[in-house]
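Have a look at the structure below, then the notes.
Read-outs: derived from the displayed coordinates by stated rules, not from any lab. Please read all numbers here as calculations on a predicted model, not as lab measurements. Cβ coordinates were reconstructed from backbone atoms using ideal geometry, including for glycine residues, and neighbour counts include every protein chain displayed.
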Amino acid sequence: MKTISIICQKGGVGKTTTVVNLSSIFSKNGYKTLIIDLDPQGNVSTYLNFDKNTNEATNSMQLLEGITELKPGELTEKLSIVPSNKEIASYNQEKIIGGSKIRKLKQDGVFSNYDYIFIDTPPTMSSLVQEGIAASDYYLIPTKPEFLAVEGVAQAMNFAKTTLKNIPNINTVFLGVLLNQVEVKRSSYGEFLNELEYLLGDRLFESKISHLTEIADSPFYGKTVIDFNDESKAKIEFNKLAEEIIEKVGGNEKIS
Ligand SMILES: Nc1ncnc2c1ncn2[C@@H]1O[C@H](COP(=O)(O)OP(=O)(O)OP(=O)(O)O)[C@@H](O)[C@H]1O
Ligand SMILES: [Mg+2]
């Protein structure tokens with residue numbers, strides 16, 4: 001099992017879009033996949049048309065309170081969700097001492113059914129994000145190529161580093177920075193890319209996600225890139241990203 005949290009304190013950079021599309025791709029490729037939504041906004045549920053007020057599924061607040069049995073919402077045969085819940089906003093103030101609640105559940109085998117777990121987090125530097133990082137094997141930082149984004153990425157990296165320093169025996173790995181909403185024709189893009197490549201080296205994903213109307217519109221239709229046709233740029237780019245992730249986390253399967 002591999003757990004990957006998607007973090008960035010900056011809003012609107014594509015955290016939820018990344019979680020939702022990657023989860024769809026991984027599940028479509030046969031991996032048993034779970035999404036955990038730690039964002040009080042609950043955008044994953046909205047995106048995937050899942051009723052976040054249902055009492056039927058275990059929600060992320062219940063994870064934080066500690067459960068013994070997981071009953072996630074079933075989106076497809078291979079894709080499940082632990083939706084968020086407004087109440088988790090109150091958890092923002094809690095302090096993570098000696099490790100996270102979700103990490104403990106993981107160690108207890110509560111998630112052992114899954115091949116991949118993607119965790120969506122809020123645009124804050126809060127305990128909820130710390131929970132996500134601490135529960136994960138890897139974290140990924142998406143960013144838009146824009147002014148101040150380099151600073152935003154550096155802040156996110158520092159936040160993760162500080163979080164991990166305070167938790168004993170943890171080895172969460174920085175998977176990399178994903179450039180999302182790329183517009184190659186923008187004059188500042190080349191300069192921006194150079195700066196990020198210089199700072200990050202191979203920690204910058206080779207795959208990039210373009211700014212595409214089909215991605216912006218997909219939540220309205222409850223679609224993810226797996227529903228697009230095979231020539232769709234969005235589908236090709238996200239598939240490439242999925243392959244790069246598998247390569248980085250040590251798998252060797254092909255994404256189709
Ligand atoms: N590559 C893209 N092309 C076009 N639109 C995109 C792209 N990626 C994300 N968007 C749109 O940008 C908006 C913000 O994306 P998203 O909700 O994924 O960001 P976020 O980081 O999760 O935001 P928040 O910090 O509020 O949780 C959404 O309307 C989404 O559809
Ligand atoms: Mg989001």
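From the square roots a ≥ b ≥ c of the eigenvalues of the alpha-carbon gyration tensor of the range 1-130, which class results: rounded (a/c under 1.5), prolate (a/b over b/c), or oblate? Since a/c stays below 1.5, the shape of the range 1-130 is classed as rounded. Taking a ≥ b ≥ c as the square roots of the Cα gyration tensor eigenvalues, the chain comes out oblate, since a/c reaches at least 1.5 and a/b does not exceed b/c. Using the Cβ of Asp39 as centre and a radius below 15 Å, the other residues enclosed give a net charge of 0, where K and R count +1 and D and E count -1. Under 5 Å between amide hydrogens, built in the peptide plane, is the criterion, and for His211 it picks out Gln181, Val182, Glu183 among residues at least 5 positions away or on other chains. Springs join every pair of Cα atoms under 10 Å in this Gaussian network model of the chain, and among Lys223, Lys185, Lys86 the largest mean-square fluctuation is at Lys185.
The simple Förster model, with R0 at 22 Å and r as the Cβ-Cβ distance, assigns Thr76 and Met1 a FRET efficiency of 0.75.
Centroid-to-centroid, using Cα positions, the range 1-79 and the range 112-136 are 10 Å apart. Applying 0.36 nm per residue to the separation of Ser256 and Glu146 and subtracting their alpha-carbon distance, the gain on full extension is 36.5 nm. For a paramagnetic label modelled on Ser187 (point 7 Å from Cα along Cα→Cβ), amide N atoms under 11 Å away are absent within the range 196-240. A DSSP coil position with no more than 14 other Cβ atoms inside 10 Å describes the following chymotrypsin sites (Phe, Trp or Tyr not before Pro) in the range 141-242: Phe147.
Given a Förster distance of 35 angstrom, what is the FRET efficiency for Ala216 paired with Asn171, based on the Cβ-Cβ distance and rounded to 0.05? That gives a FRET efficiency of 0.45. Helices assigned as whole DSSP H runs in the chain whose Cα atoms extend at least 30 Å along their own long axis and whose mean Kyte-Doolittle hydropathy is 1.6 or higher are not found. Looking at the chain, identify the longest residue range that excludes and avoids all GluC sites (Glu not before Pro) in DSSP loops having at most 16 other Cβ atoms within 10 Å. Longest gap between qualifying sites, sites excluded: 1-55. For Ser84, neighbours were defined as the other residues whose beta-carbon sits under 11 Å from its Cβ, and their charges (Lys and Arg +1, Asp and Glu -1) total -2.
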